[in-house]
Number of protein chains: 2
Amino acid sequence: MSSSTTAPVRQSSVRAHNLALVLNTVANSADPPSRAAVAGATGLTRATVSALVDDLIAGGLLVERDPPPRTGAGRPAAGLALTAAGPAGLGLEINVDYLAACVVDLTGAVRQRFIEHADQRPAPAADALAALGVLAARARLAAEADGLVVAGAAVAVPGLVSAGLVRVAPNLGWQDVDAPGLLRAVPELAGLPVTVDNEANLAALGELRVAGGEQTFLYVSGEIGIGAGLVIDGELYRGARGWSGEIGHLTVDPDGKPCRCGASGCLEQYAGQEALAADEPGAAAALGIALSTVVNLLDVPVIVLGGAYAPYFERLRDGIEAELRRRVLTAGLAPVTLRAARLGADAAVRGAADAVIRGVRDDPAGWLRRAG
Amino acid sequence: MSSSTTAPVRQSSVRAHNLALVLNTVANSADPPSRAAVAGATGLTRATVSALVDDLIAGGLLVERDPPPRTGAGRPAAGLALTAAGPAGLGLEINVDYLAACVVDLTGAVRQRFIEHADQRPAPAADALAALGVLAARARLAAEADGLVVAGAAVAVPGLVSAGLVRVAPNLGWQDVDAPGLLRAVPELAGLPVTVDNEANLAALGELRVAGGEQTFLYVSGEIGIGAGLVIDGELYRGARGWSGEIGHLTVDPDGKPCRCGASGCLEQYAGQEALAADEPGAAAALGIALSTVVNLLDVPVIVLGGAYAPYFERLRDGIEAELRRRVLTAGLAPVTLRAARLGADAAVRGAADAVIRGVRDDPAGWLRRAG
């Protein structure tokens, strides 16, 4: 009934859309689907699907596996799968006491993983990023020796990010650091697309997409600092300016210990990794009080503990659950599920690598242009 | 390119959709639009618009005003407007120390307003709701004597609501109370559709829709208890089970005063209406600490103080802003705007009445069936 006009869809954008549709249909299939099955699932004609599949195979994104042996009447069809020998995502993480890099291929398999434990606080941002660049270059070279092509890198940082800039990372002492720019200056990374995001956000996305977690949960990343990523109905909630999730600076004791952020009594002074390592008795209770606050505010049904919290999970559980039972107004109506991150301490770096892989999967036409 | 089939759209549902489209186009116009202007704005033909407008006028939802005097060449068109003599919404509120009712017509004008101050805590739920029913009956009779037809009622309660039931209202001592059912039992309200919602949620919607507030903000309702409604991108965020916003039970002092919810040190013990009335010095600081927590978690750019906080706003402002500056990690990057509710203490009851009016505006076909 509406007379509103629709702009004509260009042929090239239809093709780009359909390439992504075919690639993601293959990616989301339980078993390798035939070309005919992809046509059925997408509503495209078999001829269109075949042409798109040929392009995706030629561009190194799909492989076609031989059909299983003939068992009865008819000819079994060949099955399509994402290639393990094509583009890969480079996930990087800089945290207060370690650097990490991992390479994940298009099928989601981890192909390289490097971790280097060292306190990053004394070093200026440029030096810390140069050290991360060395790790990244090693990961890229190892991946390429293994037949992969690194499509891009995403860097996880424990700080507030906007427009590609790390605005503040209190525990690293960073302010307005151009992390992607400094990494691209490493000769082995020249020309590589590099993005940066908050580590708890990337870890929450890792739990959601890589580990197949719940659709609504709070991910809490315990490191020297503490961050959180809030996933609502399968989407990361970033806040008005992208700065949500700073759970480490919830006030636990208004007149308490001074924090590196300038305030006092912040959660991370009571339940950060250093308090856990020192086996301080109040850590679980402090975390339980802060998490009760989140549940009372947001009615989140699931809390996932990751980063350095993952290995301490069983030690923390009872203390946290006691506070949730006591302080969550709806505890008697519906209990909160508390669990350890499925990706353990690797959630952020895996989420970062996955973000690169998703970029390729969602825009295969762009990849084919660059690769071709 | 997709072969997915679309179910045939029934004629009656097309008409229902278009009636709502025409009614809302008139409602959202700055000046009374002509039939031709409505056709232009909706993309419907002039003949279709005229038939729908005739039905909306006959059903008592629109009026057509005489054209302004002729000033030059051509015949000025008559203008369409929502009627002030048709359906109305009955907003009701039961709070710890008062009952309220208001009637709002389709144009948004408040036509009746009743408030009764009395402590509701000693009375059982049925008695409190019977008293609210008396107020509601008075408001309905007065509105109908004034030429209005009350289309329905919405009740604001300070508690957790699900599936039409007040599950818990700690400050009223309620548990599993069927507020709509008890109100419909009042003879003067028989047959009236009645819904129930959390008072802070309805107040937040009132600020958003009636007062035309920002699209993303936290509304904080200070009464004996303290609740909050979170609006993100123009939508109320209700949480997984509809129980978000319980800011009154944020822990301000883990070993502090016992709260009616069973926990200790909850915000409402320090910054509730009774603390404000007693002029306790820590009220603004406690509120500022809790609001800093919300901003750190959710990156909310605007906080609106309503309910009993509205009249105390100037007294609270400095103390709250000092804590926000000190405790919000991004305070130096982007300050938080703090303001009093535009609807003052009436936000919840106005939001409730508006919810009824929106029901009529979004389904005029349903109203025409019921009224015809």
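The values are calculated or read from the model by the stated rules, or taken from the named source; none is laboratory data. Quantities reported herein were computed from a predicted structural model and do not represent experimental measurements. No Cβ is skipped: glycine too gets one built from the backbone with ideal geometry, and neighbour counts run over all protein chains shown.
Where residues in the range A:238-254 are part of a loop (DSSP other than H, G, I, E, B) and of a type in the set (A, V, I, L, M, F, W, C), which of them is farthest from the other protein chains (Cβ to nearest Cβ)? The residue in question is A:252. When the range B:327-337 is limited to residues that are touching a helix residue (DSSP H, G or I) at 6+ places or on another chain (Cβ under 9 Å) and surrounded by fewer than 18 Cβ atoms within 10 Å (Cβ to Cβ), the one that is farthest from the other protein chains (Cβ to nearest Cβ) turns out to be B:335.
Taken together, the residues in the range B:143-152 that are surrounded by fewer than 18 Cβ atoms within 10 Å (Cβ to Cβ) and either among the hydroxyl-bearing types (Ser, Thr, Tyr) or in contact with a Lys or Arg (Cβ under 8 Å, 6 or more places away or on another chain) (or both) amount to 1. The numbered conditions (1) without any contact (Cβ under 8 Å) to a residue 24 or more places away in the chain; (2) farther than 19 Å from residue B:217 by Cβ are all true for residue B:297 except (2). I'd like the full set of residues that are under 19 Å from residue A:174 (Cα atoms) and surrounded by 17 or more Cβ atoms within 10 Å (Cβ to Cβ), limited to the range A:108-134. Correct list: A:120, A:125, A:128, A:129, A:132, A:133. Restricting A:236, A:205 to residues that are touching a residue at least 40 places away in the same chain (Cβ under 8 Å) and of a type in the set (A, V, I, L, M) narrows the list to A:205. Selection of the range B:212-237 for residues being surrounded by fewer than 19 Cβ atoms within 10 Å (Cβ to Cβ) and either assigned to a loop (DSSP other than H, G, I, E, B) or on the phi > 0 side of the Ramachandran plot (or both) yields B:212, B:214, B:215, B:233, B:234. In the range B:189-200, the residues that are under 30 Å from residue A:299 (Cβ atoms) form Cβ pairs under 8 Å with partners that are aromatic (Phe, Trp, Tyr) and at pLDDT 95 or above, at six or more places apart or across chains, as follows: B:200/B:219. With respect to residue B:181, determine if the residue is farther than 15 Å from residue B:236 by Cα, in the same structural domain as residue B:309 (by TED's automatic domain parsing) and not acidic (Asp, Glu). In short, no.
Scoring residue B:167 on the criteria (1) away from chain A (no Cβ under 12 Å); (2) within 21 Å of residue B:124 (Cα to Cα); (3) not in a loop (DSSP other than H, G, I, E, B) leaves a single failure, condition (1). Of everything in the range A:93-109 that's closer than 16 Å to residue A:223 by Cα and assigned to a strand (DSSP E or B), which residue is nearest to the chain's Cα centre (by Cα)? Ranking the qualifying residues of the range A:93-109, first place goes to A:93. If you go through the range A:255-267 and pick out every residue that is more than 7 Å from every other protein chain (Cβ to nearest Cβ), hydrophobic (A, V, I, L, M, F, W, C) and either under 22 Å from residue B:234 (Cβ atoms) or out of contact with any Pro (no Cβ under 8 Å at 6 or more places or on another chain) (or both), you end up with 2.
Inspect the range A:229-236 for any residue being within 14 Å of another protein chain (Cβ to nearest Cβ), of a type in the set (D, E, K, R) and under 22 Å from the mean Cα position of the chain (by Cα) and give the result as yes or no. Within the range A:229-236, one or more residues are within 14 Å of another protein chain (Cβ to nearest Cβ), of a type in the set (D, E, K, R) and under 22 Å from the mean Cα position of the chain (by Cα). Among residues of the range A:276-291 that are more than 16 Å from residue A:324 (Cβ to Cβ), those with a beta-carbon under 7 Å from a residue that is among the small types (Gly, Ala, Ser) at least six positions away or on a different chain give the pairs A:276/A:283; A:276/A:308.
Residue-level check: of (1) under 26 Å from the mean Cα position of the chain (by Cα); (2) free of Cβ contacts under 8 Å to residues at least 12 places away in the same chain, residue A:258 misses just (1).
For the range A:271-292, taking the residues that are of a type outside the set (A, V, I, L, M) and at pLDDT 95 or above, the one that is farthest from residue B:297 (Cα to Cα) is identified as A:288. In this structure, is residue B:210 modelled with pLDDT of 95 or more and within 25 Å of the chain's Cα centre (by Cα)? So residue B:210 does not fit the description; no. What number of residues in the range B:14-65 are assigned to a loop (DSSP other than H, G, I, E, B) and within 20 Å of residue B:106 (Cβ to Cβ)? Qualifying residue count for the region: 10. Applying the set (1) among the hydrophobic types (A, V, I, L, M, F, W, C); (2) within 30 Å of residue B:107 (Cα to Cα); (3) away from chain A (no Cβ under 13 Å) to residue B:177 leaves exactly one unmet item: (2). Looking at B:235, B:199, B:188, B:214, just one residue is under 22 Å from residue B:269 (Cβ atoms) and among the acidic types (Asp, Glu), and that residue is B:199. Of all residues in the range B:120-143, those that are in contact with a strand residue (DSSP E or B) (Cβ under 7 Å, 6 or more places away or on another chain) and without any contact (Cβ under 8 Å) to a residue 40 or more places away in the chain total 3. Residue count for the range B:323-368 under the criterion of being in a helix (DSSP H, G or I) and at pLDDT below 90: the result is 2. For residue B:158, the conditions (1) within 14 Å of chain A (Cβ to nearest Cβ); (2) surrounded by fewer than 24 Cβ atoms within 10 Å (Cβ to Cβ) are fulfilled apart from (2). Looking at A:279, A:318, just one residue is part of a helix (DSSP H, G or I), over 26 Å from the mean Cα position of the chain (by Cα) and more than 8 Å from chain B (Cβ to nearest Cβ), and that residue is A:318.
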